[in-house]
Structures are given as structure tokens and as C-alpha cells.
Amino acid sequence: MAEAAFRPPRRKRRVFECYQAPFPVGAGGGDFRMCRADMVNNSVVVRSPEDVERLYNKGYFGKGILSRSRPVYSISDPSLVSKWQGTNLNMPIITSKKYQQRVQWAKSALQEQGFDSCSVTKILENYTRPLEFPFLEKENTELSRQSSIDTGNMVTSSPEPQKEVCQKASAEGDLATDPVVALGTEEQQPAVVKEAAQASCQKHGSHVHCGCKAKGGPEQESCNVAKSRERAPEYVLVQEEEEGSLCLEEGSAHEQEKFVKKEKLVCRRNPFRIFEYLQLSLEEAFFLVYALGCLTVYYGEEPLTILKLWEIFSEVKPSFKTTYMAYHYFRSKGWVPKVGLKYGTDLLLYRKGPPFYHASYSVIAELVDDNFEGSLRRPLSWMSLSGLNRTTVNASKELMLCYLIKPSDMTEEEMATPECLKRIKVQELIVTRWVSSRERSEQDDL
Amino acid sequence: MSAPVSSSAVLEPASRAQPSLRLRCCLPHPAQPWLWDPPQRRHGSLEATWPSLRRTSAPGANCHGPHQLFAQFLYVGGSERLRRNRAPRRSCGQKEFAPDGSAEQDERLRLCLEEQWRQLAEERVERPENLVKAVWKPEQGIVELESPAGKFWHTMGFSERGKQCLLPEEALYLLECGSLQLFYKDVPMSVQEAYEILLSQEAMSLLHYQVFSHLKQLGYIVLRFNPSTVLSSCERQLNLESRCKSSGKHHHKRRRSSSPGSREKKHKVSEDLPKAEGTCEKGGHDCGELSCVPLDEKPLSEQLKELDTGNGEEQSVTSNSVPLDTGRKNVPGPSWSLGTGDQKASSTGTHAPRWDFTTIFLPNVAPDQPCIHLPSPDNKLLPENVPGREVDAASWCRRVNQKQEKLLQKEREQQEKESKYKSSINFDREVRCCINWQEYKALLRWRSQQRVWRQPPHLWGQAVTPLLQPEEATSFAAVRQQISVLQPSHILDGASRLQEDLESIKIDFNVYQADAVAKFKKTNPGKPYVRMCVQSFDEQVPSLRALKQVTYQSGDVPVVFALADHGEIAFYSLKEFKLPVDANY
């Protein structure tokens, strides 16, 4: 039987990044770091920006929940950023319309929490009022100091643990963190992430200071919040039409230069912040835990063991064992498998990673017994296979059937631990169409 | 392409043509509204002349609905074709995709159908002497020729008891091509009758015939697959095939001996027997030796490996006995020559290596043996076209400057700088405290344990721990190696034990490429280009089990699945594949 020939993967024409590493574990053992992920409503989410970056850049694990693949979501409007290039304020710039949209979202979130419309308006008015941004202008040191004093004042009025956050924030010379808001984030995050993960709803941390005040409680992840400020900044610059009355209030020298354009930037607090997280597929998460041992998945505050994860994931996704075996096999061959949903299959295989190469294979995984039979997850008729093959080939990929063969004496108990992988054999097959008119003679091949 | 119907065909008035030659256009049986697949294209002129008879899908009694629409695809043929001397165009204009209910469309379709009927009603005329007469023998399920066969005999048919015979599918194809006249009970058969009668057998269904005809029209040579050509697992293990060839060549000349290059064994059983005996005699001791290998699968490669390593050991033993002074300049090293061992005698063993490694000496090129003189190798050990010559590097050694390199100031500084980042383990106090290797290794072990316990207990303190030991992850290749736990499998692994209970799926045809026609010999067809399994489009994709079975039967010839769906045929192959490891980090 002739083997299918290996077709070299196609490089992407433009590559904007350089390759870092195939796995998020350092070769040489020195660069070993445990990442943290949370099990939220049957999905695995990584929140810490460092972990997100590490897992994505080294091995292309997961995807940003607000992005197509790489977690790059930014609130900032790129066209406005280039327009206001000279201002160098290091803050995201958004349009007034977008800002109003966020105010609306915050409003409805507050109303859901049971506030009457009067107090909602009041709260938001207070929260979104224009702020000066003196601390960003280096020459104006005095004001900068003042702002950090302000922060200090606020800290004293808040519960103990917040001090750390705020001190850190002010030490960085960054914007004063409103501790109350920070608190609120933590209180609300799990619920919000849940929503986001489940219904890909983009509503995230709705940080409305009033609602949070009541809920104030011990703060565990204040550091995380402080770090995640970069991803979902609290303060934004809003491009607004110039109005006479506002103009007087905004006394910044910087802005006055821009007034000729009848547009200005106003610094306001973002009433409705959205966080970008990294969502790992179950296979990816399990691989990071079981194969590399560089991730811990928490359920609430409890770290989950490998066996527990195997059990939970198999429950969440009945085909998990099969797809994980295939995932593990291809990962350990140095390829990067990603979800193949868009091509109607289980996995897509990339060389190095999606930014560098087009996916070469679209894989269907099936678990069969020692007789090479078994109830298939996806019994294919020739009709459906030819359709699948056509869509795959049209995207310059090859359709691969990956059979995972388990020995006849493998029991259910044995399958209940990932150690069963060691007794699984893998058979790969490539589906190709044989074109009768093209194969007539040897010369045609050349 | 020349005129499809040879210009020599005499157009006789219909009244004078023999009634039997009026090949009536026949409608399919109403109960089986087949969509016939009209032979559309033809490459080359391999077989009989192109049919002047064109069949069409039947606008039968139920000619409403989609059937009408298909009528657009019909071909005109017959006399019109003769007159124009080229392929006629479709006369019905644009294709209709769906009924729109308009009277206009109905009218168009009606006209189209009418024209078709007209064309079908035309008489196709052939010269009687151009047709080969043949008789259908239902008892044997074959067609016997009564007049000498035409050009098609090159690739079709077989002789039995001195008679030229055709298989049903071949006869039907030739009948459709208009080069055969088929009789049954002394009455000529119509194409429709032939379809019904010849394809009623188990071996050849309509589906199979459609695939056969499709491939034939493209010029392929299509033969039935004969399961008896499948090698038994024992034969495979002994690698009898190659031995059969050579033994057959030397010992007894067969009437129809297969050439050494052929892997097909198209012999009758009676011929097979003596050959098998011959090989058993030949490889007698090998049979005994290998019979202890359990029949249930050990991949051939593995066996070979075993043999190889066996030889390797032998070899290494002998190479150890090579005198140690090999490298010294004035002592001539051992020659690369073959020993005096009788190579021919040793080659009679089935798995005897081509070379007797005990008598081949290799020069000692160990690093402590400055090897500067290599005698010329024995020509017998070299591939053709590769000349071997003696090498004496002594003169080069004199000319090469072997003094220690003198570094520039800058380079020395650079080296010192780099060495700062490297530390010798001798500076490690704990290491220096170790007085022997044992203690040093214990220290390393202890240190690694320290690191493991720094790992969180929910991962490392459990029954199942992560596969990767962080301290062993010295490189990404090492990481990959540690996490590679799934075993690859081969398509033929376990295939031999599946041969006992074959499933419904089987190989149907051996297919040879069209350009092989000139060299093709029916008696010695050689290795097919592919083998075909015919299936219906509605069927399930074969299980891995079925695939293993057909792959095993096919040997090293690829298997292609031909899928027929009402005359449309698609081909797919499921090929074994091993995704290469991407080690290019």
C-alpha cells in the first residue's frame, strides 16, 4: 500500500511575529512557571495577563474571548489613535458614541441590580464626569502629587486589603485606582465570565462603584486587577465635539491646541469595562496540565487533580477522550492542533502556529477497538465524506482520519485515567479524490 | 479522432439491412428506471469502433418531474452523427435546473424529448462482417466467441478449452460499443436484454459494470481481481514472492511464466502447487526457523530489524577482532574485501543477507586511532558507478598546520567573557564534598527531588502525575520525547488475522494505466496501477477493519474506492499516512 505523500505546509505570505517556543515550558527547566486557569461553567479561562501571553505566545494555546484568535482586544479606536498621535497620553481613545454606549450598558446593569432610575442617573453622572489628567503631563508634577494624595485618602476609607493595590498603583505613577471599583470587579467577575463563556456575551465587568460598595468584601486578587488594568483600562479618552461650556472646564493646555479642530479629548472613567481572557479548549487545558504540568485548573479556589479533570472533561464533552488522544498525539509530534469546527472536523493541524502557516490537515478522530471497529462518533457515508473532502481541499487542506485503536483488554476503569493513552495506537489516513481522467497515464503525473 | 463509425460502413437501405442488425433502442425496464450512463468520451482508439448506438435515459411512462429535466443531457447520435462526422451538440439549449411550471418550459422539454425519441428511433447500421458473433452461456456465466475476436482481444477475454471467451461485463461493453453481436438461444440480444441478463449475476452488478465501463472508456485496462492471488500470511512472512520468481526462473519453465518483475500470480492452482513445493524445499530450514514466529502479526519491518540486529551483532563481534593497530601508518589496515565465504551458498537461505558480514572488515576509525590510510574497498561491496580508491592522508597531515591556534587579544577577551557564564561543577561545594560517583549521583537525585516537591501536590502528589518532569526538560526535543506516549500504528498491523472473516467489501478490479496498453500482455499483466473496490455512494465509508482487509489483499498496490451513484462515478482513496514529527524548533 502506497503511503500518502507528505505535502509541505504552506507558509503564510506575511508574518508579523517571531516564533518563541513550541511549549510554555522553558527548555532547560529554568523557565518553569505554573499558570492558573479557572473552570467557569464548563470552560477553562485564563485571566492573568502574563499567563495569557505566555500560553498564547508559546505554543498558541487557546483564543482570546473577544478576539478571533490571539487575545488582542483593545477598546481603543485605532483611527482615533493615529489622529491624536501627538498627544502621547498612553490612554485608549474612543469615540463619544462608543462611550455613550458603555454608559447605557452600565445603566442597564445597575437597573438590573435594583436601583431606581433616579439614583442610577446620579451615580453615573458622578462616575463619568470629565476628569483632568494632569498626572500624565510630566511637567506638571504638582498635580501629579496631588492625585496620589487623593488616592491615599480614598484608601484610608476602604477596607485593609485594598491598600496594597492602591499603593502599587500610585507607586507606578499611574492613574489612581478607585479601590471600590477594584473590589467590584472581583466580586462580579466570576458571574460575568460565566456569562461570557457560555453565551459569548460580551458584557463583562460592569464596574459601577455604587453597587459594589454594598458588597465590599475581602479582596484576594487585587494584584491581578492592578495588572489587568492595561487590558481593560479604567480611564479612557473620549473624543467629543467641542462645546462652549465644557471648554472652560477643560483647562488643559494640551487640549487647547486641538480646539481648532472643534474636537477634543476628554478623560473620563469607563463605566463598563470589558476584559479579554484566554479561553482554552478542554483538550488544550488538559494537555497543559497532564503533559506539561505547567497549568493548574481551579474550580473556585480548589485546584483540580489530573484524574478529576479527566473525569470532568469527559463528562462535559462526551467525545473528550477521543479528541484528547488525537490532540495529544499531534501536539507531541510538534504540530499545533486547533479546533476544527469551522471545517466541520475535530482538529486543524498547523505547523509551528497559525500566524506562520496555513493549516495543513483537517482531522476527524475516531476511537475503535482491537477489531478496528466500534461505534463511531461520526459514521460517515461516502456522500458526506466527499462533501467534507471538497470543503477541505478547497481550503488547501487535506482531510485526515485519525483512528485511535484501544487494545481489547482495556477496561472502563483503565479508560478512567489518562494513563490509558500509553496503550493507545494511532492510525492516520489521508482521504484523497482519485481523478480517473488524470490518472490515465504516467506522464500526467509529471 | 477519426469518424466514430468507420467510413467504410456501407449505408444500406433500411429494408435491406438484416433485421438482426437493427439494434433497437431499448428502454430500461419500467421497474428499474436506470439513469443510463451514456459513453461520453473516449480517448485513443483501443477497442472496437465507437458506438453509433447511443443510449439515453428513458423517458418512460413516468416522464414527468425531474426526469424531464434530465432529458436535457441527452445526446444525439445515429445518422446525424454520421453526416456531420463529429460529435453532435446538444440541441436543447440551456440546461433547465428546476421546473418553473411555465408552459414555455414544458414545451421546450417536450420538443427536446421528441427529438430524442426521433434520434433513438433511428436505425443504427453496421456491416455484419464487422461484428464479432458471440453466444451467451448462462451455465458458465460467460460469453463464447463464434467468430475470431477483434482488436479488443489484446486486453479483454480469455481462452478456455480452445475457445475464445469473454466475461459478461466485457461482452456487454463490446456490445454497447457496437463491435459484438450477442446471441442467446440463437436469437440476437438487444442491449436492454444484455443488461438484464448479463448483469444478473452476483459477480457483476450494474454498479460494477458502470465503473468498469467508465474506466474502459477512459482507456484503462480493467481486469477482474482474483482473490487467489492474495499471498497467505506465511508466504508474506517468508517473503516467498521474490523467491518464487527466482526459483521459477531457474528451475522449471512454465508455459506462461510470469516475468521476475511481476507481482501478480495469474496461474491456475495446478501450476501454483509445484512452485510452492519448490520453494518449500528450497527454504526448508528457514521454514522451520520462522514457523516459531507467532503468526499473529509481527510487522515485517520488525522482523527485518531483528535479522539486521542479529547480523549487526555478528559484525560488531568481528570488527572487535580487527587488529588494533589498524590506524598505524606503516601497517596496512585490513582490506575492505569480501572474505572467501561462499556467497552463493549463503544466499540460498531465505533471509540470508547479501553479504557475509563475518568476512567483511571495516577500518577502525575510532577517534583515538588516527586513521590516515584507507585501502581501496572491494568493488563487490560498492554500488555500480561508484569507483572506490585507496586513500592515504599522510601527505596531507604533513601539510596541514597542526600547531595550536594563537588567539588575538580581542578573541581571548571574548573567550574569557563567555567563560564567565559557564561554571564548572568543581566550584560547587556540595559537589566537591562528594568523594565518589555514587555520592555525586545521590546528590543529583536529591536535588531533583527537591525540585519535584516544589511542584504543587495536587499535580505531583497524586497517582497520576504530569508526563513531563520539569528537570528533565533539557530541550524541546526532550520535552516532546517525554510526552510522546501514543504509539503509531501501521495499516497492515493486525491485518492478517482479519482475513478469516472477510466482510462484504472486496476488491473488484485490477486497473492498468491507459498508456501501458502497448506493453500489456493478458497472460502476464504485471502489477496493476490500482485496485478498485466498487461501492454505492449511499454506503458507509468502510471501517478501519475493512480497509485493513482490502489493503492486505492488495499488497503494495493502492486501493481506490469507486463510488457509483446513478451513473455518476467518483473515486476516493484512503491512504496510510504518518504525519512527520516537526522537530524544527
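Under a Cβ-only charge scheme (Lys and Arg +1, Asp and Glu -1), can you give me the dipole magnitude of the range B:101-204 about the Cα centre, in debye to the nearest 20?
Numbers: 11 positive and 20 negative charges, 92 e Å.
Its charge dipole is roughly 440 debye.
Would you kindly derive the ³J(HN,Hα) couplings of the range A:414-425 from the backbone phi angles with the Karplus curve 6.51 cos²θ - 1.76 cosθ + 1.60 (θ = phi - 60°), listing them in order in whole Hz, with x for Gly and Pro?
5, 6, 7, 10, x, 5, 5, 3, 5, 10, 8, 10
Long-range amide H contacts for A:Asn270: which residues qualify at under 5 Å (H placed 1.01 Å from N, peptide plane, sequence gap of 5 or more or a different chain)?
A:Tyr235, A:Val236
Taking the simple approach of a point 7 Å from Cα along Cα-to-Cβ for both B:Gln94 and B:Val187, what is their distance in nm?
Calculated label separation equals 4.8 nm.
Which residues does a label at B:Glu129 reach in the range B:169-209, if reach means a backbone N under 12 Å from a point 7 Å past the Cα toward the Cβ?
Hits in the range B:169-209 for B:Glu129 at 12 Å: none.
To the nearest whole number, what is the average tally of beta carbon atoms from other chains within 10 Å of the beta carbons of peptide A:303-310?
Working: counts 4, 2, 8, 9, 3, 3, 1, 1.
Per-residue shielding by partner chains comes out at 4.
In whole percent, what relative contact order does the range B:101-204 give with Cα contacts below 8 Å and a gap of six or more residues? Before the final figure, lay out the partial values.
On the way: 103 pairs, mean separation 24.1, N = 104.
Reported as a whole number, the value is 23 percent.
Report, as an integer, the average count of C-beta atoms from other chains found within 10 Å of each Cβ along A:281-294. The partial results should precede the final answer.
Working: counts 0, 0, 0, 0, 0, 0, 2, 1, 3, 7, 9, 8, 12, 5.
Taking the mean over all residues of the peptide, I get 3.
Among B:Met189, A:Met415, which comes first, second and so on when ranked by fewest other beta-carbon atoms within 10 Å? Could you put the intermediate results ahead of the total?
On the way: B:Met189 25, A:Met415 16.
Ordered from fewest to most neighbouring Cβ atoms within 10 Å, B:Met189, A:Met415 come out as A:Met415, B:Met189.
Skipping prolines and chain starts, which residues have an amide H placed within reach, meaning under 5 Å, of the one on A:Ala21, given they are 5 or more residues away or on another chain?
Distant-sequence amide H within range of A:Ala21: A:Gly59.
Taking amide H positions as placed in the peptide plane 1.01 Å from N, state which residues far from A:Trp335 in sequence (5 or more) or on other chains have amide H under 5 Å from it.
Excluding prolines and chain starts, which carry no amide H, the hits are B:Asp582.
How much FRET efficiency would the formula 1/(1 + (r/R0)^6) give for B:Val517 and B:Val581, where r is the Cβ-Cβ distance and R0 is 45 Å, rounded to 0.05?
Working: r = 43 Å, r/R0 = 0.95.
Here the calculated transfer efficiency is 0.60.
When Cβ neighbours within 10 Å are restricted to other protein chains, what is their mean count per residue of peptide B:455-463? Could you put the intermediate results ahead of the total?
Working: counts 3, 4, 2, 10, 11, 2, 1, 4, 5.
Partner Cβ neighbours, averaged per residue: 5.
Under the Karplus relation 6.51 cos²θ - 1.76 cosθ + 1.60, θ = phi - 60°, what is the ordered set of whole-Hz ³J(HN,Hα) values for the range B:110-116, x standing for Gly and Pro?
5, 4, 4, 5, 4, 4, 5
If you find the alpha carbon centre of the range A:27-105 and of the range A:416-440, how far apart are they in angstrom?
The range A:27-105 and the range A:416-440 have Cα centres spaced 37 Å from each other.
At 7 Å along the Cα-to-beta-carbon direction for both B:Val400 and A:Lys122, put a label point, then send me their distance in nm to one decimal.
9.3 nm
Between B:Trp437 and A:Ser408, how high is the FRET efficiency from 1/(1 + (r/R0)^6) when r is the Cβ-Cβ distance and R₀ = 45 Å? Nearest 0.05.
On the way: r = 46 Å, r/R0 = 1.02.
Efficiency for this residue pair is about 0.45.
Taking square-rooted eigenvalues a ≥ b ≥ c of the alpha carbon gyration tensor, is the range A:318-445 rounded, prolate or oblate, where a/c under 1.5 means rounded and, failing that, a/b exceeding b/c means prolate? Don't jump to the answer; show the numbers that get you there.
Values: a/c = 2.13, a/b = 1.52, b/c = 1.40.
Prolate.
Each residue of the range A:388-405 in turn: what ³J(HN,Hα) in whole Hz from Karplus with 6.51, -1.76, 1.60 and θ = phi - 60°, glycine and Pro shown as x?
Per-residue couplings from phi come out as 4, 5, 5, 5, 5, 5, 5, 9, 6, 10, 10, 8, 10, 9, 10, 9, 9, 9 Hz.
Between rounded, prolate and oblate, where does the range B:101-204 land on the alpha carbon gyration tensor, with a ≥ b ≥ c its root eigenvalues, rounded for a/c under 1.5, else prolate if a/b exceeds b/c? Please list the in-between numbers first.
Details: a/c = 2.99, a/b = 2.19, b/c = 1.37.
Verdict is prolate for the range B:101-204.
Every number here is computed from the coordinates shown, using simple stated rules; none is lab data. All values derive from a computational prediction rather than experimental measurement. All Cβ positions, glycine included, derive from the backbone under ideal geometry; neighbour counts span all protein chains shown.
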